[in-house]
1. Determine, yes or no, whether B:A218 is more than 14 Å from chain A (Cβ to nearest Cβ), free of Cβ contacts under 8 Å to residues at least 24 places away in the same chain and of a type in the set (G, A, S).
2. Residue by residue through region B:164-210, note down the ones that are within 18 Å of B:S311 (Cβ to Cβ), in contact with a helix residue (DSSP H, G or I) (Cβ under 8 Å, 6 or more places away or on another chain) and open to solvent by less than 20 Å² (accessible area, probe 1.4 Å).
3. Specify which of the listed residues (B:V115, B:V147) is farther than 27 Å from B:V285 by Cα, touching a Lys or Arg at 6+ places or on another chain (Cβ under 8 Å) and either away from chain A (no Cβ under 14 Å) or open to solvent by 10 Å² or more (accessible area, probe 1.4 Å) (or both).
4. Filter region B:267-301 down to residues that are crowded, with 18+ Cβ neighbours inside 10 Å, closer than 17 Å to B:Y179 by Cα and among the hydroxyl-bearing types (S, T, Y) and give me whichever is nearest to the other protein chains (Cβ to nearest Cβ).
5. How many residues does region A:24-52 hold that are open to solvent by less than 70 Å² (accessible area, probe 1.4 Å), in a strand (DSSP E or B) and either closer than 18 Å to A:L82 by Cα or not aliphatic (A, V, I, L, M) (or both)?
6. Among the residues that make up region B:93-111, is at least one of them open to solvent by less than 10 Å² (accessible area, probe 1.4 Å) and among the β-branched types (V, I, T)?
7. Examine region A:122-132 for a residue that is modelled with pLDDT of 95 or more, under 18 Å from B:L276 (Cα atoms), in a loop (DSSP other than H, G, I, E, B) and touching a strand residue (DSSP E or B) at 6+ places or on another chain (Cβ under 9 Å), and state whether such a residue exists.
8. Mind telling me which of the residues B:I246, B:I264 ends up being closer than 21 Å to B:V157 by Cα and either more than 10 Å from chain A (Cβ to nearest Cβ) or β-branched (V, I, T) (or both)?
Amino acid sequence: MRLSMNLELQDVPGQLLLALQPFKDNKANIISVVHHRDRKTPRGMIPVRFVVEMDRSKIEPVKAKLKECGISVVRSGEDRLLESVSVVLVGHVLDSDLGDTVNRIDSTGYAEVMDLSLSMTGIDEPSSAYLKIRATGKAEIQKALSILRDVGKEKKLLVIEPIETEAV
Amino acid sequence: MRDVKVSLVGYGIVGHGVVDVLTRKKKVLRDMGLNLKLISVTDHTGTVLAEDGVDPAKIMSEKTLANVATSSMKGKEAITAIDSDLVVEVTPTNIVHGQPGLGHMEAALTSGKHVVTSNKGPLVVAYSNLKKMAEDNGVMLKFEATVGGTMPLISLVERTLVGNTIFGIRGIFNGTCNYILTRMTEEGIPYTHALSEAQDMGIAEADPSYDVEGVDTAGKVVILANSLFDMNVKYSDVDVTGITGITPEALALAKKRGYAIKLIGDVPALTVRPTLVPLASPIAVSGTLNSAAIYTDLSGTITVSGLGAGSIETASAILTDIASIYRTKRIDAIF
């Protein structure tokens, strides 16, 4: 899993190395480290943001070890939904059970509908909806779009997907 | 100076444009060392034949050749009988059986004449046959005008980007659809309203289904797939959705989030469907413009845009093709 962690280090030599050691020992893959020397806290500490990929079970041992070394963990949390995609639906979006359409995405566990706006002109007129879907990765986005395509076919909705900006 | 005898087959809007452009550009072509002589013009009513070149003044104001024809020869008969070096084929397109253009092109190629065309139908129906026929007879088949009108695409990929691996091409290949979607977005008017506006302006046909159902775009996708990607596919291989279901509300919702909805053709995916395109993307062009993004390995993404239709614009692409036939030097012929 991918995790972001905000730490605070003392402004003395060797602290960053000290902070990295527990991650190394627990086989975490460091994705990025941003060392904010310019944003010292009122207590004179230096904030550092880590993004790492590591086994869920190793989070607590890493935190404990950091604490032992005198490094404070200000925040740590899972970056679950990293990718997002916009989709527009046209047709009888509401009458074809919009709740069910959203649920088909939400129930996957790897993708969620995060934003939804609906535009309705008249009772029997086709309505239009904008959906923003977030998912845990690029592949999951594709899977979510594929689910939406199937739902579109089944409910006779026009599914308008974004253009691929890179060659596939 | 190289003399080239040209026969024009088809005398509709594009045919008129070809006569006009060949006349206007006579001097430019001569400066290039090319003396293009239009020795015949043929349509469904007959042929105007003139050994020293057809006088444009005599035919330009005629809608058809019915009143000015000097011979009753038509179609294939005229193509094989008239001693020309190159045939410009611009008859109306038919994407189902390709006729009459397909017969015309076969007759021209088998009698050893180069073919330059804006007619999609025959290429959609029988590209590989026509290509083989051209190779067997040692002549060229050029069709830049079939995709994106005057926007350089096929020659850009075949000549300028030669050596690049082309991963894909995505773009707007139908000016009528793009105009309708643009107007619906700008004015918030429904599809039927924008369509009748386009019809009034002569941008859409009385029967618009060919454009708005995505048929035309799909034809272009087939031509690109076969000619640039060696795919050997048919019209039925393309997954097509047109723009008739698009509502002004959908366009407004998309716009609010920074997207335009455009009818996008995709090769090699072989799809034609309304697609969200970021407003800042260079392919999100408005009005009747066409655009294409070409994804390459060495040059990254290259985007072109230009007028996709129109009499003079299409004739311009035809002129470029004609000139390129005579300017092409084979690598092994240089030495």
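1. Taking the combined requirement at face value, the residue does not satisfy it.
2. Listed by number, the residues that qualify are B:N174, B:T176, B:A198, B:A204.
3. On the way: B:V147 fails: farther than 27 Å from B:V285 by Cα.
The conditions single out B:V115.
4. B:T275
5. Filtering region A:24-52 for residues open to solvent by less than 70 Å² (accessible area, probe 1.4 Å) gives A:26, A:28, A:30, A:32-34, A:36, A:41, A:44-48, A:50-52.
Filter once more, so that each one left must be in a strand (DSSP E or B): A:30, A:32-34, A:46-48, A:50-52.
Add one more test, that the residue is either closer than 18 Å to A:L82 by Cα or not aliphatic (A, V, I, L, M) (or both), and what stays is A:30, A:32-33, A:47, A:50-52.
Looking only at that region, the number is 7.
6. Scanning region B:93-111, I find no residue that is open to solvent by less than 10 Å² (accessible area, probe 1.4 Å) and among the β-branched types (V, I, T), so the answer is no.
7. no
8. Working: B:I246 fails: closer than 21 Å to B:V157 by Cα.
Going through B:I246, B:I264 in turn, just one is closer than 21 Å to B:V157 by Cα and either more than 10 Å from chain A (Cβ to nearest Cβ) or β-branched (V, I, T) (or both): B:I264.
The values are calculated or read from the model by the stated rules, or taken from the named source; none is laboratory data. Everything numeric here is computed off the predicted structure, so don't read it as measured data. Because the Cβ atoms are built from the backbone with ideal geometry, glycine has one as well, and the counts that use them run over all protein chains shown. Ligands, DNA and RNA are excluded from the accessible area calculation, which covers all protein heavy atoms including side chains. Shrake-Rupley method; radii C 1.70, N 1.55, O 1.52, S 1.80 Å.
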